[in-house]
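The values are calculated or read from the model by the stated rules, or taken from the named source; none is laboratory data. The structure presented is a predicted model; accordingly, all values stated were derived computationally and were not measured. Note: ideal-geometry Cβ built from the backbone for every residue, glycine included; neighbour counts use all protein chains shown. Surface areas here come from the heavy atoms of the whole protein model, side chains and all, with no ligands, DNA or RNA. Shrake-Rupley method; radii C 1.70, N 1.55, O 1.52, S 1.80 Å.
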Amino acid sequence: MIDPRRIIENTLIPHSAFEKVSTKLEQCFRYSAGATEPVCLAIVGESRTGKSRALEECAANHPPVRSEEGLTVPLIRVKTPSKPTVKALAELMLVSMGDPTPDAGTENSKTLRLRVLMRNANTRMVMVDEFQHFYDKGSHKVIHHVADWLKILVDEARVAVVVAGLPTCQAVLAQNEQLAGRFITPVNMPRFDWKDEGHREEFVAILSAFQESMGEHFDMPALDSDELAFRCYTGTGGLMGYLTKFLRQAVWNALDEGRRTISLDDLATAHDEAVWTASGILDIKSPFTRGLRLAPTEDLLARIELIGIPAQEECMPVRRTSRPRLSETVREVLCAS
């Protein structure tokens, strides 16, 4: 039986974008061996759409293996520092390879050591998360020295490279012709859009999956009902990361309090603790407030699309829904019939 504390993490989610990315990652890994040139893939999407989780799952499918012949490290997965340098990135990769002194040596010596380790450990793929940090938001310029180093590394090591990050990471590829030429078309992991019928149906299907697994342990309202499904969408902005955070918090709270029930009020508490204060729209009342009526008006959906986006985000221009008119109160929007 599944540990109740891990219900959310262990629930099988019918998420087509996640499955598409996972399939693409496995394809790149499978065909990287013996390829005449490096296979390069970019995964792009807003925060909390599941990009890092997809990389984690792929890495878990190909763990390091130690045998009599030595250590095999099929893939390296690192997260880009906020201010990336060649030394820092090489050091993180050396740590991933199990190097005993990853901080020792110059930029060149670390790079040479890394290439030797990758060759000896039969490394076939390098994953670089938070790739948008290669793009300096202040100067709106790519950190070309680090991008060029990565290009040379994968060329000489003959490994696949996967980068994942916010939409701004595409500027790194757009401004580096040699790097861009090695990448296939980016794979997008979008947030769910309530206005899109296919997205809406898939979001409700995901809620049904959580309902089934949570319902084995708790008596609770139907997450996939019309009313509660839209409440869940309103409270998470269609972002999988926020949805799983808030449902996990509801489960943990119930377990800590010895309850076998999760009510609408319990969902409101969990949501307030896990998501709402971080949503960037603090003037909107929690959608799980009892008695609150919600309707998918244009204005409300525009506000919901801002959930998860920093209020003062400074990045290269990206097409976004404009902010709603401030003259219309939030309560009027939420209580629209």
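Name the residue that is least open to solvent (accessible area, probe 1.4 Å), counting only residues in region 29-43 that are over 17 Å from G181 (Cα atoms) and outside any helix (DSSP H, G or I). My answer is A33. Within region 73-101, which residues are of a type in the set (G, A, S) and outside any helix (DSSP H, G or I)? Once the filter is applied, which keeps residues that are of a type in the set (G, A, S) and outside any helix (DSSP H, G or I), region 73-101 yields S82, G98.
Being among the charged types (D, E, K, R), under 18 Å from L166 (Cβ atoms) and open to solvent by less than 40 Å² (accessible area, probe 1.4 Å) is the requirement here; does K51 meet it?
Details: among the charged types (D, E, K, R): yes; under 18 Å from L166 (Cβ atoms): yes; open to solvent by less than 40 Å² (accessible area, probe 1.4 Å): yes.
Criteria met by K51.
Is at least one residue of region 46-59 touching a residue at least 60 places away in the same chain (Cβ under 8 Å), assigned to a loop (DSSP other than H, G, I, E, B) and over 30 Å from V204 (Cβ atoms)? Among the residues of region 46-59, not one is touching a residue at least 60 places away in the same chain (Cβ under 8 Å), assigned to a loop (DSSP other than H, G, I, E, B) and over 30 Å from V204 (Cβ atoms), which makes the answer no. Identify all residues within region 65-115 that are within 24 Å of S52 (Cα to Cα), of a type outside the set (A, V, I, L, M) and in contact (Cβ under 8 Å) with a residue 40 or more places away in the chain; write none if there are none. Passing the criteria: T72, P74, R77, K79, T80, P81, S82, K83, P84, T85.
Does D136 count as open to solvent by 20 Å² or more (accessible area, probe 1.4 Å) and under 23 Å from the mean Cα position of the chain (by Cα)?
Numbers: open to solvent by 20 Å² or more (accessible area, probe 1.4 Å): yes; under 23 Å from the mean Cα position of the chain (by Cα): yes.
So D136 fits the description; yes.
One residue stands out in region 192-239 among those that are part of a loop (DSSP other than H, G, I, E, B) and open to solvent by 40 Å² or more (accessible area, probe 1.4 Å): the one that is nearest to K51 (Cα to Cα), namely D193. Would a scan of region 161-171 turn up a residue that is closer than 13 Å to I43 by Cβ and either of a type in the set (D, E, K, R) or open to solvent by 70 Å² or more (accessible area, probe 1.4 Å) (or both)? Yes. Hey, could you check region 60-71 for residues that are part of a loop (DSSP other than H, G, I, E, B) and open to solvent by 80 Å² or more (accessible area, probe 1.4 Å) and say which is farthest from E156 (Cα to Cα)? Of everything passing the filter in region 60-71, E68 is farthest from E156 (Cα to Cα).
Could you grab me the full set of residues in region 240-266 that are charged (D, E, K, R) and either under 17 Å from P287 (Cα atoms) or part of a loop (DSSP other than H, G, I, E, B) (or both)? Walk me through it before giving the result.
Here is the first cut: in region 240-266, the residues charged (D, E, K, R) are 245, 248, 256-257, 259-260, 265-266.
Matches in region 240-266: K245, E257, R259, R260, D265, D266.
In region 175-190, the residues that are touching a residue at least 12 places away in the same chain (Cβ under 8 Å) and farther than 20 Å from S52 by Cβ form Cβ pairs under 7 Å with partners that are surrounded by fewer than 17 Cβ atoms within 10 Å (Cβ to Cβ) and not aromatic (F, W, Y), at six or more places apart or across chains, as follows: N176/H144. Each residue in region 73-92 was checked for being small (G, A, S) and over 20 Å from the mean Cα position of the chain (by Cα), and 2 of them qualify.
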